[in-house]
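The values are calculated or read from the model by the stated rules, or taken from the named source; none is laboratory data. Because the structure is predicted, anything quoted here is derived from the model rather than measured. Using ideal geometry, Cβ is built from the backbone for each residue, glycine included, and neighbour counts are taken over all protein chains shown. Remember, those area values only see protein heavy atoms, side chains included, never the ligands or the DNA or RNA. Shrake-Rupley method; radii C 1.70, N 1.55, O 1.52, S 1.80 Å.
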Amino acid sequence: MTFPVIVHPSNGQFEAALVGAPDVRAIASTREGALAALESALAKRLDQGELVALEVRRRGLAGLFGKYKGDPTLREICEVAYQERDADVRE
């Protein structure tokens with residue numbers, strides 16, 4: 001697995017932190033040491049639970065975007081609406 005990590009100098013040492021989870025971090029005297037310590041911390045956490053990806057559906061109007069993209073009925077409804085609109089404009 002690959003995780004985004006930020007590594008930066010901190011008080012003469014190096015700190016590695018998991019992006020999006022600031023409480024998952026490690027500090028060591030070298031960059032490589034901080035990354036190894038963070039890898040170990042992540043492994044311990046993964047041993048205690050399961051890593052899953054959770055997709056959260058959009059709500060409100062944003063949840064409708066693209067929902068009917070392939071629905072041929074929508075195209076028919078639009079055509080009727082456009083014809084009625086154009087007829088009203090001519091009158």
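What to note about this one:
- Verdict on Ala17 being at pLDDT 90 or above, within 24 Å of the chain's Cα centre (by Cα) and either open to solvent by less than 60 Å² (accessible area, probe 1.4 Å) or hydroxyl-bearing (Ser, Thr, Tyr) (or both): yes
- Taking the conditions (1) in contact with a Lys or Arg (Cβ under 9 Å, 6 or more places away or on another chain); (2) surrounded by 11 or more Cβ atoms within 10 Å (Cβ to Cβ) in turn, Leu51 satisfies each one other than (2).
- Here His8 fulfils each of the conditions (1) surrounded by 14 or more Cβ atoms within 10 Å (Cβ to Cβ); (2) more than 21 Å from the chain's Cα centre (by Cα) apart from (1).
- Within the range 45-76, the set of residues being modelled with pLDDT under 85, over 18 Å from the mean Cα position of the chain (by Cα) and of a type in the set (A, V, I, L, M) comprises Leu61, Leu64, Leu74.
- Looking only at residues of the range 20-44 that are at pLDDT below 95 and loosely packed, with under 13 Cβ neighbours inside 10 Å, we find that the one that is nearest to Met1 (Cα to Cα) is Ala43.
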